[in-house]
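Quick notes on the structure that follows.
Here, each number is a calculation from the coordinates, and none is a lab measurement. All values reported here derive from a predicted model rather than from experimental measurement. Cβ coordinates were reconstructed from backbone atoms using ideal geometry, including for glycine residues, and neighbour counts include every protein chain displayed.
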Amino acid sequence: MTPALTDLGNRLATYLSRVWEEPLVLSDIEQIPGGASRETYRVQLARGAEQAPRGVILRRDPVTSLIDTERALEFKTYEAVHRCGFPVPEPLLLEEDPAVLDRPFSLMAEITGCETATTNFAISPFAEVRDKLGELKWSLLGRLAAMDIEELGVHEFMPVPEHPAARELEYWSGVIRADALQPQPVAEAAIRWLEKRLPEPSGQLCLVHGDYRSGNFLYNAAGEIPAILDWEMAHIGDPLEDLAWSFDPLWAWPDKVLAGGLLQRKAAMAIWQRASNMEVDADAFRWWQVFASLKGLAIWISSTEDFAHGESKEPILAVAGWLMTDRHNRIVVDRLNPASRHQYSEPLQ
């Protein structure tokens, strides 16, 4: 543990001893790499001599972030889906006073014995359970799409859109135009394409995770998915939004054959349709696929602006702004070209 990490952990232990009315002492703390919207730490807190240490995950606001998110909305979303038995880490505490740890933070219960890295899908023992993980991944997404937003209670703290596609397009095209440091002809072409083909509202609303992809769930060697992570972009919207995002070729780069590095897209879609009890409209889904890649572009363009002008010089912002922008530009061009042989993306339908 570095002195800075030790100080952070000791301050957290002191705070939790007071809040939870239980004497706690820092046993260990490590920062979990990645994650551009929150700093994430694994913390072990020692209790009595005969008690096992308590493991928690600390998620603290960074100095600057790749995307703008609301921590209270994220925490309330965790609470809502956890109450309904959907697999997420148990939310423990939200603290918005920056005086405690310099910046606002939240705490989740630690889930042990799991991985998140997508590179594991190709190696043993995870390659042997890759199909099982894929079935679970899209079954859970279908289950989420089928959940009633009023039973979840998310309508109480999230806006309910009249036209989900129009709202999302307006928001993310606004991000691109506000943050672009140079002309973005590919993004502008995609915006025009999407505006001309805006689908009518399907009438189906659900809780959209917003970043449902490989890398954002915990899995183990038994082929189980104990938790879906990173709900900071959650909102009420169209069920096809998450499905299209989960299929984006970027999450399986450079192979691009298996959705999320797990399953053939037709198989994944069939699993989702069974779990959600919904049929996918091909034209609407094509729109959401193009939108998914535009949204990705918006995030990477925003990260470029943040690295150039923000307080943080975290390498992940620069890498995302340079490498991911290039990849998603290629995907979008491929998708907008009717004569494309889909070098950089899978066929749209």
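A few remarks follow.
- Placing +1 on each Lys and Arg Cβ and -1 on each Asp and Glu Cβ, with no other charges, gives the chain a dipole about its Cα centre of roughly 1000 debye.
- What the phi angles of the range 238-244 give under the Karplus curve with 6.51, -1.76 and 1.60, with θ = phi - 60°, is a coupling list of 7, x, 6, 4, 5, 4, 5 Hz, glycine and proline written as x.
- For the range 222-268, relative contact order (Cα pairs under 8 Å, six or more residues apart, normalised by length) works out to 20 percent.
- When only alpha carbons of the range 192-284 are considered, Rg and Dmax amount to 14.2, 46 Å.
- Cα-based shape type of the range 3-109, given that a ≥ b ≥ c are square roots of the gyration tensor eigenvalues and the cut on a/c is 1.5: oblate
- When the inverse distances between all different Cα atoms of the chain are averaged and flipped, the Kirkwood radius reads 21.2 angstrom.
- Comparing mean-square fluctuations of A298, A122, A268 from a GNM of the chain with C-alpha springs under 10 Å, the top value falls on A122.
- Pairs of lysines in the range 118-336 (C-alpha under 28 Å apart; 8 or more residues apart or interchain): 12
- Relative exposure of R18, R213, judged by other C-beta atoms within 10 Å (fewest first): R18, R213
- Prolate/oblate/rounded label for the range 239-294 (Cα gyration tensor, a/c 1.5): oblate
- Helix-only arithmetic for the chain: the sum of -39500 (n - 2.57) across DSSP H runs with n ≥ 4, divided by the residue total, places the mean residue ellipticity at 222 nm at -13500 deg cm²/dmol.
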